[in-house]
Every structure is written in structure tokens, then in C-alpha cells.
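The values are calculated or read from the model by the stated rules, or taken from the named source; none is laboratory data. Since the structure is predicted, the reported quantities are computational estimates derived from the model, not experimental observations. As a convention, Cβ positions derive from the backbone with ideal geometry for all residues, glycine included, and neighbour counts pool all protein chains shown.
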Amino acid sequence: MNYKNKTVLITGASSGIGKQTAIEFAKLGSNIILVARRKDKLEQVENELKQFNVTTLVCSCDVSKKDQVEIMSKNVLEEFNSVDILINNAGFAIYGSVFDLSIEEIESQMETNYFGMIYCTKNFLPLMLKKKSGHIVNVASVAASFGLPGIASYCASKFAMLGFSEGLKHELSGTGVGITVVSPIMVKTDFFEHPSFEKMPKYSPTSLNSKTVAKAIVKAANSSRLEIITPSVVRIAVWLKHTFPYFINPILGKSFKKQLDSTKID
Ligand SMILES: NC(=O)c1ccc[n+]([C@@H]2O[C@H](COP(=O)([O-])OP(=O)(O)OC[C@H]3O[C@@H](n4cnc5c(N)ncnc54)[C@H](OP(=O)(O)O)[C@@H]3O)[C@@H](O)[C@H]2O)c1
């Protein structure tokens, strides 16, 4: 697909995967709308994009707040007539057992990772449908396929994202609008800077860099697939989980539980 002059809106664009995705689309000549809470960080990204001579817009917005998303989308649509590609990438996790996490901490992950995606989708989808073109890319995780100890509520938010996307994909059939979920394994970003990850090893030898995921997102924006798992070899693990749940679930569960227990020992 030719992304030149297409308008791409990326949530969570101030850091990590979102920032790198902005760079990859800018290289291809797209107009870039950068959305996140930290305006200063977004402006730094906007400065980095200047070398690509593309049109940019910075929008400071907390996607977990319905009203803020509504105002942000109005501002965006005043400046650009429509959004061709919506990338729902903003998200975070709080590490800890369900027992230790507060209800507010559990709610906050759902509000950003799941409802933030819904608010953006609801505001930009109608114009995509009117134009009979466009694509939504939802950044989930392999945690959308495995419920894991220590990140149960994060997994729930990503399971929800995948389920919603699958349902919406069927609804969008024949409309010219597509939706694809990108599900990476661990990625080296600020994601693990949240204080709750303090006692956790930040990365594993298999951790991806954000450029690999950003390239998968660019591919996803023109894909007819529901889900792109990155790296693709992890699809085997997902298949194994669904086909032989009694085999792989206890292995993964035990290893993540061991990790969770070890973070509780001082
Ligand atoms: N890193 C991994 O291992 C990994 C693996 C699989 C999937 N993912 C997913 O990838 C996505 C991006 O994460 P990342 O790894 O790039 O982490 P990151 O570097 O921490 O970036 C997260 C981005 O989300 C934004 N954000 C968080 N809460 C927000 C809110 N309420 N409203 C608007 N923006 C918000 C942050 O910006 P502000 O703080 O400026 O708002 C930041 O730009 C997330 O959805 C995450 O679940 C990450």
C-alpha cells in the first residue's frame, strides 16, 4: 500500500513502539498525528519527524478519558478531513498479584488499554465507514492469548481488545474498513519502567526492539488478517495452547508464578 499523504493517528506516540511507529510511517510520507499525555515528549518526537518533511500534529490526550478523546478527535478532524489509519497503541501494565493490586489499579489498566481503544475507535470509525476506507490497528500482546500470573488484569485488557477486534472485524466485512491486531512478545521499551516491575528482569534474550514491532504495525495497516503475532514463530505456542491446553498452560503458569513469588521475597 502507498502510505504517502495518508493520515495516521498513533496513540501512545510519546515513547517506545508508538514513537517508532510514527517514524516508520513518516519515512513513508504519511501525515502523522501524535497522541499521548506528555506533550513535551510528543513535541520531541515531532521534532525528530521534521527530517521527513511530513505534516504532523501533536495532541495531548489521556485516552482513558472519554471527554478528552472526544475533544482530541474534534481537533484532529478540523485539521485533517479524516484519519486513514488509527493505531490504538497506548497502554501499560501494573505488575502484581490480583490479591495485592487495588481495584483502582485493575480498573486503570482496563480504562486505558481497552476503553481507550474503544473511545478512539468510536470517534474515528464513522468517517472511515463514510469514506468506505481505512484501517484500525490495535496493539495487543501475546498476553491476549495467555492468562498469566502477575499480569492477570493486563492480560484481561488485551484478551478484551482481541475479542472486540474479532467481533468488529466481522461487522466491518464488505465496508472497505479493516481491523488488525498486532500482538508482540516482550519489547525493549519504557513499558517496564513502571515501579511495579522494579524486582523483575526488564528484558529477556528474546525481547524485540520497537522497530521490529513498528514494522509489523505498518504491515498490519494493510492486512486482511485479524492478528499478527510478532515474532510469527510464537503462533505455534498460541496454537499449542488452544489445541493442548493441559500441556502448555501448566508450564507457562508455573514459570510466571515462580517469578511472581520471587518478587515477594525481600
Ligand atoms: N513493551 C512490551 O514488552 C510490550 C509487549 C506487548 C505489547 N505491548 C503493548 O505495546 C503498547 C505500547 O507500549 P510500549 O512498550 O511502547 O511502552 P511505553 O514505551 O511505556 O509506551 C506507552 C505509551 O502509551 C502512552 N500512554 C499510556 N497511558 C496513556 C493514556 N492514558 N493516554 C494516552 N497515552 C497513554 C504513553 O504516553 P504518556 O505517558 O505520555 O501518556 C506512551 O507513549 C502498549 O499497549 C503495550 O501494552 C508492549
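Structural remarks
- The set of residues from the stretch 24-42 being over 17 Å from residue 90 (Cβ atoms) and within 15 Å of the ligand (Cβ to nearest atom) comprises just one member, 24.
- Scanning the stretch 4-21 for residues that are under 13 Å from the mean Cα position of the chain (by Cα) and outside any loop (DSSP other than H, G, I, E, B) returns 9, 10, 11, 16, 17, 18, 19, 20, 21.
- Members of the stretch 226-252 found to be at pLDDT 90 or above, out of contact with any strand residue (DSSP E or B) (no Cβ under 6 Å at 6 or more places or on another chain) and under 19 Å from residue 185 (Cβ atoms), listed by number: 226, 231, 232, 233, 234, 236, 237, 238, 239, 240, 241, 242
For every residue, the table says whether it meets (1) more than 8 Å from the ligand (Cβ to nearest atom); (2) in a loop (DSSP other than H, G, I, E, B); (3) of a type in the set (Asp, Glu).
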position	(1), (2), (3)
47	yes, no, no
50	yes, no, no
69	yes, no, no
72	yes, no, no
78	yes, no, yes
81	yes, yes, no
86	yes, no, no
90	no, yes, no
96	yes, yes, no
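- Looking across the stretch 176-204, the residues that are away from the ligand (no atom under 13 Å from the Cβ) and of a type in the set (A, V, I, L, M) come down to 177, 179.
- Put simply, of 230, 206 the only residue that is polar (S, T, N, Q) and within 17 Å of the chain's Cα centre (by Cα) is 230.
- Among residues that are over 17 Å from the mean Cα position of the chain (by Cα), modelled with pLDDT of 95 or more and within 26 Å of residue 133 (Cβ to Cβ), residue 26 is included.
- Residue ID - surrounded by the fewest Cβ atoms within 10 Å (Cβ to Cβ), chosen from residues in the stretch 127-153 that are in a loop (DSSP other than H, G, I, E, B) and within 11 Å of the ligand (Cβ to nearest atom): 151
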